[in-house]
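All remarks here apply to the structure that follows.
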Amino acid sequence: MKPSQTKELQRLYQRRIPADQIITPEIARRLTLLSSDAKRQVGILVNRKGNITHVIIGDHQGLFIPDLSGYRSSVTRLRGLRLVHTHLNKEPISQDDLTDLTFLHLDLMTAISVDKDGLPGKTYLAYLFPQNPQNEKWAFLEFLHPSHVNLDFLELITSLEEEFERKQKPLKKAEGKEKALLISVSNKAKHEILDSLNELRELAESCNISVLDHIIQYRPQVDPRHLLGEGKLREVAIRSIQQGATLLIFDCELNPAQVKSITDQTDMKVIDRTQLILDIFAQRAQSKEGKIQVELAQLKYLLPRLVKKNTAMSRLMGGIGGRGPGEQKLEIDRRRVRDRINRLEKEIKKIQERRITTRKKREKGDLPIISIVGYTNAGKSTLLNSLTHSRVHVEDRLFATLDPTSRRLRFPRDTEVIITDTVGFIRDLPRDLVNAFRATLEELSQADLLVHIIDVSNPNFKRQMDACEKILTDLELGQIPMIRVFNKEDKFPDKEMLKNLCRLYDATSISAVNTETLSPLTEKIEELISNQKSEEKILLRQSNQTI
Ligand SMILES: Nc1nc2c(ncn2[C@@H]2O[C@H](COP(=O)(O)OP(=O)(O)OP(=O)(O)O)[C@@H](O)[C@H]2O)c(=O)[nH]1
Ligand SMILES: [Mg+2]
């Protein structure tokens, strides 16, 4: 830059544009002359009062927009800044311009062509469009010269914001709640993607989040670096603004780098399925042990993700790292998290030791243990309640139960057992959670019989059943005798088909809410338990004889 050019740049900061104008011909001329002299694009960011907050000098093709994180940006409202910049090749609003307009929530994007004498020529405007039936994302305007731009800026921006607000009105009932868009990037079949998104929606709703919509990107091969293509990411950003979303939930596990890059690019809160499940667990945990286990899982999940948020935006889409001033604080945060993990692990160990002692005591009591297992929301707690006339918390949301409950139960033929209800399973249970809940889950290894509850009224019952049995195998519980129980038979439309399914999967069907349907199940359980007992007696007798 020549000194004269630098001076001119500095002079621009002192200029002001009347609040109701988008650009004045005088400032437009300064920009184009400077741009033509320097052979680079020149831009200014202007706030609602008409003050120039940034003067930016780019290269021949583009500009680099600095970090705008200090400027207000909420999804219903625009950033409060507009970009006015030059185009040396007289091109209209470019793809890059739209990217910045969208991702930065700018009020407006203006491009002024520089003519061969360095004077301003055609002037192009674009702004984000609220939701509309034609599904148009941007509005475009064109003027012969900056002096022809005869729009009242304040009027335009006020009506635009009102329109955004109005379009989001039907969602007002969700006020105070986080509003989310669900995103799936997958190469699976469409119905599988939709099933999975449905479950994600249930998870989100269980977490008190209201779901606005979902976006699917089908990719034959998922590229981990650029999970979503730029075009799709732009669609996500636009839909978020149009629909007033505050949160993006991905239906897969995101690695720390992906979370960071998507957060940086869309300026939205980004979480994945795992974090959602962790949040649900955190909201639900009641017992001391449950709370410690959840916090441990959360911290372990958080640790690798403690990275500096990169708020600088550029046409190159981020990628600006480096050790900033926040870095030292980050190191301290990481150390604190590690310390806390160590402390919690010690506490858990103590609780477990205590538990082993209680378990030993219970073993002396010699009552058979029956554990109810199954996918979340299958009806485990309901069955425990019906069998034992208890009032364990039952709710139509995922992960209602986190802490195991045990009850004594006397069967008709006088067999007495302990029956336990525990945390539900889910497909792809996050690894950190399995580890944290290992102690709770290992309790299951004490069981003499597992009663696997399957919600047969769920169209995905087969997949849920398989997912549970896989988790049981992973926890090395596969050798414990198990019976399958098809629950919610009252909601299953075709009784004949249900009978066939029971035969096919060797299951007993019940309706846990209706005690009258339970006798085939209780009989089966009692029979299995008494068989086990007599087998044990025979084994005992045999071993006594061999001694
Ligand atoms: N129609 C019908 N609904 C049932 C039946 N059994 C349970 N439910 C309902 O299903 C929902 C979930 O029941 P819960 O007993 O909380 O399920 P859970 O397996 O303990 O769930 P988590 O603890 O969340 O893993 C509740 O709304 C129950 O009322 C049934 O046989 N028929
Ligand atoms: Mg439950």
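Computed from the coordinates by the stated procedures, all read-outs in this text should not be read as laboratory data. Because the structure is predicted, anything quoted here is derived from the model rather than measured. Quick reminder, even Gly has a Cβ in these numbers, built from the backbone with ideal geometry, and neighbours come from all protein chains shown.
Aspartates and glutamates near K350 by alpha-carbon distance under 13 Å, same-chain residues fewer than 8 away left out - which ones?
E289
Please sort 481-491, 133-143 by packing, taking for each peptide the average over its residues of neighbouring beta carbons within 10 angstrom, highest first.
Taking the mean over residues of other Cβ atoms within 10 Å, the ranking is 481-491, 133-143.
Pairs K188/K349; K177/K349; K269/K380; K349/K462; K491/K524; K190/K524: which are spaced more than 32 Å apart, C-alpha to C-alpha?
K188/K349; K177/K349; K269/K380; K349/K462; K190/K524
In deg cm²/dmol and to the nearest 500, what is the mean residue ellipticity at 222 nm of the chain if only DSSP H runs of at least 4 residues count, each as -39500 (n - 2.57), divided by the residue total?
-13500 deg cm²/dmol
Within a 10 angstrom radius of the beta carbon, how do I215, I529 rank from fewest other beta carbons to most?
Sorted ascending by nearby Cβ count, the order is I215, I529.
What list of ³J(HN,Hα) values in whole Hz, one per residue of region 514-520 in order, does the Karplus curve 6.51 cos²θ - 1.76 cosθ + 1.60 (θ = phi - 60°) give from phi, with Gly and Pro shown as x?
10, 4, 5, 8, 8, 4, x
Over all directions, how big on average is the projection of the convex hull of the alpha-carbon atoms in region 31-142, in square nanometres?
7.0
How big is D, in µm² s⁻¹, for region 348-460 by Stokes-Einstein at 37 °C and 0.692 mPa s if Rh is the Kirkwood radius over C-alpha pairs?
Calculated translational D: 219 µm²/s.
So for the chain: antiparallel DSSP bridges make up what percent, rounded to the nearest 5?
40
Residue by residue through region 109-124, which ³J(HN,Hα) values in whole Hz follow from phi under the Karplus form 6.51 cos²θ - 1.76 cosθ + 1.60 (θ = phi - 60°), with glycine and proline marked x?
Along region 109-124, the couplings run 10, 10, 10, 10, 6, 9, 8, 5, 8, x, 9, x, x, 4, 10, 10 Hz.
Order of H191, H105 from fewest to most other C-beta atoms within 10 Å?
Neighbour counts put them in this order, fewest first: H191, H105.
Using the Karplus equation 6.51 cos²θ - 1.76 cosθ + 1.60 (θ = phi - 60°), what ³J(HN,Hα) coupling, rounded to whole Hz, does each residue of region 59-68 give in order, writing x for Gly and Pro?
The phi angles translate into 10, 4, 9, x, 10, 10, 8, x, 4, 10 Hz.
Quick one: divide the alpha-carbon radius of gyration of region 176-284 by 2.2 N^0.38 Å and tell me what you get.
Relative to the 2.2 N^0.38 Å estimate, region 176-284 comes out at 0.99.
Among DSSP beta bridges lying fully in region 366-546, give the percent that are antiparallel, nearest 5.
25
What translational diffusion coefficient, in µm²/s and rounded to a whole number, does the Stokes-Einstein relation yield for region 396-547 at 4 °C and a viscosity of 1.567 mPa s, taking the hydrodynamic radius as the Kirkwood radius over Cα pairs?
Answer from the Stokes-Einstein relation: 75 µm²/s.
Taking the number of other C-beta atoms within 10 Å as the exposure measure, put Y127, Y218, Y375 in order starting with the fewest.
Y218, Y127, Y375
What is the ratio of the Cα radius of gyration of region 362-404 to 2.2 N^0.38 Å, with N the residue count, to two decimals?
With N residues counted in region 362-404, Rg over 2.2 N^0.38 Å equals 1.30.
Dividing the convex hull volume of the Cα atoms of the chain by its residue count, what figure in Å³ per residue is obtained?
Cα-based convex hull of the chain, divided per residue, equals 188 Å³.
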